[in-house]
Amino acid sequence: MSGKPPLNDDILVEVLHHIQRQSDVARMMRTCKILWQSGAKALLAHGVVVTNPPSLGSFCTFMLSNIAARAPHLRQFHFDMPFVLKKWLWGSDWSKVRDEDEKYEYMPLYEDEDEDEMHSLTFLPRAFAGMLAQVLHKTVNLQDLTIVSCERLITLDNNAKFSEAIIALRHLRRFRMESVGVATAEVLKAMASPLVELHLGYFWDGCIPSAGLFSLAEHHASTLEKLSAEDFSLDKKVTTTFPRVRALALRDCSIEGITVLHEAFPGLRSLEVSGTTARYYDNGRARGLERTQPWGELDRLCGDTDSLYVLGRCPRAQTLEVTVCRFEPWEGRCHRLDTVISETRPTRLVLRHWSDRAFPVRHISHGLLPLEGSMQITHLVLSLEPTHLQGTADEFMSALTELLRRQSFKFLMVRLRYEDPTDGEESEGEGDTGRYEIVKALSHPREDVLRQLFEASPALADVVLNVAGKGYNLWTLHAETGRLQLQPLERAAGRALARGEDIVLKRDL
């Protein structure tokens, strides 16, 4: 019999590991029995994200059909499915939702802030919670886990099978927990895994632990390297230190002052603080000014102007990412921005402007950077929302040029977070016209305008322009030939530059 011999089964399975998209791996597995039985490792290598009851049911059914062979290959699992119990939503009158089948007594999938306006509720069969617990019990190599509505899912399990499965995990390194309550806190304290990264989300309504963030995470104090929290209160007194934590992010948290962070995280290298409620506001800052800075110079400091200002004297940092919500000098916001920049003295500055008021483009050259404490900045990233930019395209580019004359930058990036006007409402006035002109000018910059930017600052080596996330365009002026060259950047490289990260740019000159 002539013809080519069939491919070896091992080769077919190996091909699965070189397919980038998980959906394509699943399709190929359905083509033959061998791949369906042997392709689980390649399929699960991408991780699993569950966002709705059908996907959860499909995942659990697939895993449990051969749990011993498949579960060890699961390294990442993200249960990103918020829900509320029916009795929490409707009280004892469950007939308003569904009363014909007790197996659906549990979970409306989506919740609204206004319970009277809830609609399109999808229910998860009760059996699925038990099936998920069975799967987690066997995932001995799980390293990355996310659970949204964590408290609700744990308290839903009357037999504690779900809690026991999480506690028994031995190799978990990253754990993202949303909706943390009393039961979740107990699970966290009893976990066997030495966590390296931990995120604790907002408290579950009606079940707030009495312990603060430090107390909740203290069981993992000796291993944690990255800690983030949202909508938490920090302990007033530090009883536990986290010597290995290098990155800390606190969003919408209540903090006594920066001295608490000094004591709890002595080895910190990266700090993000946003939406912070600092007690006593300016008085808290006054107390912080009296203390020394044990961190030395951070690699990165990130947050909004007010949160960074009220914590106390800002630590020195190589990279400063700061969000400015308003830019009116008479409201004190300019003073706070000046103070944060002057105290931080960064070499890389990322300025994000969010505002619901008009932002005159002249502020870019006059008042954006403090007169003192900014001369050491070599890399500047301006991230603007052009909806409220006030001025013409020529005025915008002139302001940039003037800024470059005042400051000796080596790198400049300008980002416009913008939606195409053809996709939304039409222009409503002169302000919109100017805004669209600015967007157009940066989307298709004229060569003479770009040359003006480079000539304004002889040290300037690179200019990156990004409009509406459509691409990062790197402009470079060759020092010897004077040739101006455009080079599109990969999205990952552009995003890294937008965060003020130091990357090696490959130039073709």
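The values are calculated or read from the model by the stated rules, or taken from the named source; none is laboratory data. Everything quoted here is computed from the prediction, not taken from an experiment. Don't worry about glycine lacking a Cβ; one is built from the backbone with ideal geometry, like all the others, and counts go over all protein chains shown. For the accessible areas, the whole protein counts, side chains as well, though only heavy atoms, and no ligand, DNA or RNA atoms are used. Shrake-Rupley method; radii C 1.70, N 1.55, O 1.52, S 1.80 Å.
Mind listing the long-range amide H neighbours of residue 350? Cut-off is under 5 Å, sequence gap 5 or more, other chains count too, H placed in the peptide plane at 1.01 Å from N.
It is 320, 321, 322, 381, by chain and number.
Pop a pseudo-label 7 angstrom from the Cα along the beta-carbon direction at both residue 501 and residue 347 and give the gap in nm to one decimal.
The modelled label-to-label distance comes out at 1.8 nm.
List, in order, the whole-Hz ³J(HN,Hα) value for each residue of segment 313-320 obtained from phi through the Karplus relation with A = 6.51, B = -1.76, C = 1.60 and θ = phi - 60°; use x for Gly and Pro.
Calculated HN-Hα couplings, in order: 4, 5, x, 5, 8, 5, 10, 10 Hz.
Ranked from the most accessible area to the least, with a 1.4 Å probe and all protein chains present, what is the order of 321, 225?
Largest accessible area first, the residues go 225, 321.
So how far apart, in nm, are the two label points at residue 231 and residue 189 if each is 7 Å from Cα heading toward Cβ?
Taking the two extended label points, one gets 2.3 nm.
Could you pull out the pairs from 41/226; 226/410; 189/226; 410/470 whose alpha carbons sit more than 26 Å apart here?
From the list (41/226; 226/410; 189/226; 410/470), the Cα-Cα distance tops 26 Å for 41/226; 226/410.
Amide H neighbours of residue 47 under 5 Å, at least 5 residues apart or on other chains, H built in the peptide plane: list them.
Placed amide hydrogens put 75, 76 under 5 Å from residue 47.
Starting from the Cα-Cα distance between residue 58 and residue 80, subtract it from 0.36 nm times their residue separation and give me the gain in nm to one decimal.
So the extension gain works out to 6.4 nm.
Once you put a point 7 Å from the Cα of residue 33 and another 7 Å from the Cα of residue 20, both along the Cβ direction, what distance in nm separates them?
According to this spin-label approximation, the distance is 3.5 nm.
So if we plug the beta-carbon distance of residue 11 and residue 140 into 1/(1 + (r/R0)^6) with R0 = 25 Å, what FRET efficiency do we get, rounded to 0.05?
After rounding to 0.05, the efficiency reads 0.30.
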